[in-house]
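The values are calculated or read from the model by the stated rules, or taken from the named source; none is laboratory data. Being a predicted model, the structure only gives us computed values, none of them experimental. Note that each Cβ is placed from the backbone with ideal geometry, even for glycine, and that neighbours are counted across all protein chains shown.
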Amino acid sequence: MISLYSEMSAVEERYLDYILLTSIGSYGSLFGEGRNEIAIEINKMFKEFLNCPHCGMKVSIRKSNAARFFLMEMMDCEHCGEDHHFPFHWLLSKTKFRLREKESHPLTETQNDTPAHPRTDFPVPTED
Ligand SMILES: [Zn+2]
């Protein structure tokens, strides 16, 4: 089990980044004041893909549609009013985007790992 978890750690770290990013983006849209910085960054990152498939016009993540975008991967077009799916998680997985630096984890560390931020606030597992 620990071995399997260890093999999945690279995937899981990226998935955790995705979960964090969409959570922060959604929260900022629903409860944050001012601009949604996550939405602004995602608009920049994926601007070449942000076109409405119905009318071809540019679409963008706005504060008003950001939660729907991050939670459901749905976009609306301000020009024609149509909705469309946007494969955000899939596209993000094709980039080298990382929200956090690599963190050490007691279940996934090996002797060769050099953690970026050594943690000492959890017990180190021992082999029985
Ligand atoms: Zn449109």
(request) Looking only at the stretch 10-69, count how many residues are of a type in the set (D, E, K, R) and under 13 Å from the mean Cα position of the chain (by Cα). (result) 5
(message) Looking at the stretch 79-87, can you tell me whether even one residue there is more than 15 Å from the ligand (Cβ to nearest atom) and on the phi > 0 side of the Ramachandran plot?
(response) no
(request) Sort out which residues of the stretch 38-81 are among the small types (Gly, Ala, Ser) and outside any loop (DSSP other than H, G, I, E, B), and write them in order of number. (result) ALA39, ALA66, ALA67
(message) List the residue pairs whose Cβ atoms are under 8 Å apart, where the first residue sits in the stretch 82-109 and is modelled with pLDDT under 90, the second is of a type in the set (S, T, N, Q), and the two are 6 or more positions apart or on different chains.
(response) HIS105/SER9; LEU107/SER6; THR108/SER6; THR108/SER9
(request) Would you check if PHE49 is within 17 Å of ASP17 (Cα to Cα) and within 16 Å of the ligand (Cβ to nearest atom)? (result) no
(request) Could you grab me the full set of residues in the stretch 55-69 that are touching a strand residue (DSSP E or B) at 6+ places or on another chain (Cβ under 8 Å), of a type outside the set (S, T, N, Q) and away from the ligand (no atom under 12 Å from the Cβ)? (result) ILE61, ARG68, PHE69
